[in-house]
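This report concerns only the one structure given below.
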Amino acid sequence: MRAWRIAAALAIVGAAFPAIAEIPTAERKSGYDFMSRESRAMQDDDTANAGMLWVLDGETLWNRHVAAEKSCADCHGDARTSMKGVAARYPAFSPALGRPVNLEQRINICRTDRQQAKPFAYESKDLLALTAFVGRQSRGIPIAVADDAQTRTFIDSGREAFTRRQGQLNLSCAQCHDDNWSGRLAGNSVTQGQPTGYPIYRLEWQNLGSLQRRLRNCLTGVRAVVPALGAQELVELELFLMWRARGMPLETPGVRP
Amino acid sequence: MAARALINVPPKAKRGEVIGIKSLISHEMETGFRPNATGQLIPRNIIKEFVCTYNGVEVFRAEFFPSVSANPFVSFTTLATESGTITMTWSGDNGFFATESVAITVE
């Protein structure tokens, strides 16, 4: 009876995700590997990497007292030790909320619950700066989001979103980023969509931007309905992408063309 | 927050050596050609001039225009002549002014 149930469950899973060719571990490449020599040099040098301007602002915010309340540093101390590896584990399941939250949301939870302050607006300069500063402490650390039973459900929802055809172009993320990542689109590399450097300084944006901003870009590109910043669907997609990139070193703040 | 600048000058050099200098500053470089949500042009707000002096002597100067990207990055070379200070200044619209100095030892 039990064996039959497992077999049935496997059959359902098989039907939901037909023949997706996931990229083998040895063939995974960061966006960095697709970049020109000049763009790589920008990312490699902390005095040429414009993302570092946000990291420095983030450090100021980390030590700044919010009104009469505590600063980040009052609880967390030196970010170089306390925040090391943290960004590599996000998005992470929040037991209080019963769903995964990404790093930006986690910072805002701290702001509202611990600092009694107003949350930063999504994609605001301050939120990007703090996220970049926290992310910078995990540079070089392998991505390792949780893969336990409670997180698994949300990883699967993210995978479902990744493999679902959508938009007027009727394309799924996987059709480009799993099946055709070695190709080019309008002169640009398609890439594997590995979220290794977020928040990134994108030369096209002339600005720092979050993974969700990038995801919304892609969704606009296939002319799909674009979820709002911070939407649960985007967090699940982030979670799946980080799970898919597990083991790859974080490069925050990355530079991308 | 005030403008952030990142500069990279080798702390030590040999006399007569060609040294590379890199500078990066946070600035939106608003072109003055973009309309806002109500169709009004956003006023121009750019850095207009970048100057680098070496012990008070000008070694590099650049004029910036609206087509220069946000957060402009400038890289150039100069000759290491003597120990002292390398100073960079950026000035532009709305009274924008920023300056950074770094010491260099020439042996």
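The values are calculated or read from the model by the stated rules, or taken from the named source; none is laboratory data. What you see is a predicted model; the values in this text were computed from it and never measured. In this analysis, Cβ positions are derived from the backbone assuming ideal geometry, glycine residues included, and neighbour counts consider all displayed protein chains. SASA here: full protein model, heavy atoms, side chains in, ligands and nucleic acids out. Shrake-Rupley method; radii C 1.70, N 1.55, O 1.52, S 1.80 Å.
Okay, here's what the table says:
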{"quantity": "Under-5 Å amide H pairs with A:Thr196, H placed in peptide plane, nonlocal only", "calculated": "A:Gly31"}
{"quantity": "Nearest-0.05 FRET efficiency for B:Arg34 and A:Asp46, computed from C-beta distance (R0 45 Å)", "calculated": "0.90"}
{"quantity": "Using a Förster distance of 25 Å, the FRET efficiency for A:Asp147-A:Ile109 (Cβ separation, nearest 0.05)", "calculated": "0.65"}
{"quantity": "Net charge contributed by nearby residues that have their C-beta within less than 15 Å of B:Phe97 (K/R +1, D/E -1)", "calculated": "-1"}
{"quantity": "Cα-based shape type of chain A, given that a ≥ b ≥ c are square roots of the gyration tensor eigenvalues and the cut on a/c is 1.5", "calculated": "oblate"}
{"quantity": "Rel. contact order, % - alpha carbon contacts under 8 angstrom, at least six apart, chain A", "calculated": "28 percent"}
{"quantity": "Average beta carbon contacts from partner chains per residue of A:52-60, 10 Å cutoff", "calculated": "3"}
{"quantity": "Surface share of carbon and sulfur [accessible, 1.4 angstrom probe, percent] for segment A:31-257", "calculated": "52 percent"}
{"quantity": "Members of A:Lys125/B:Lys22; A:Lys118/B:Lys22; A:Lys70/B:Lys48; B:Lys22/B:Lys48 lying beyond 30 Å, as alpha-carbon distances in this model show", "calculated": "A:Lys118/B:Lys22; A:Lys70/B:Lys48"}
{"quantity": "Loop-resident sites, segment B:1-59, for trypsin sites (Lys or Arg not before Pro), counting at most 16 other Cβ within 10 Å (DSSP)", "calculated": "B:Lys14, B:Arg15, B:Arg44"}
{"quantity": "Shape call, segment A:195-240: gyration tensor on alpha carbons, a/c limit 1.5", "calculated": "oblate"}
{"quantity": "Amide proton proximity set for A:Ser71, modelled H, under 5 Å, gap of 5+", "calculated": "A:Val66"}
{"quantity": "Cα-projected label distance for A:Thr81 with B:Ala62, points at 7 Å along beta-carbon direction, nm", "calculated": "4.1 nm"}
{"quantity": "Alpha carbon centroid spacing (whole Å) that separates segment A:53-98 from segment B:54-86", "calculated": "36 Å"}
{"quantity": "Placed amide H near B:Lys48: partners under 5 Å, 5+ positions off or other chain", "calculated": "B:Ser91, B:Gly92, B:Asp93"}
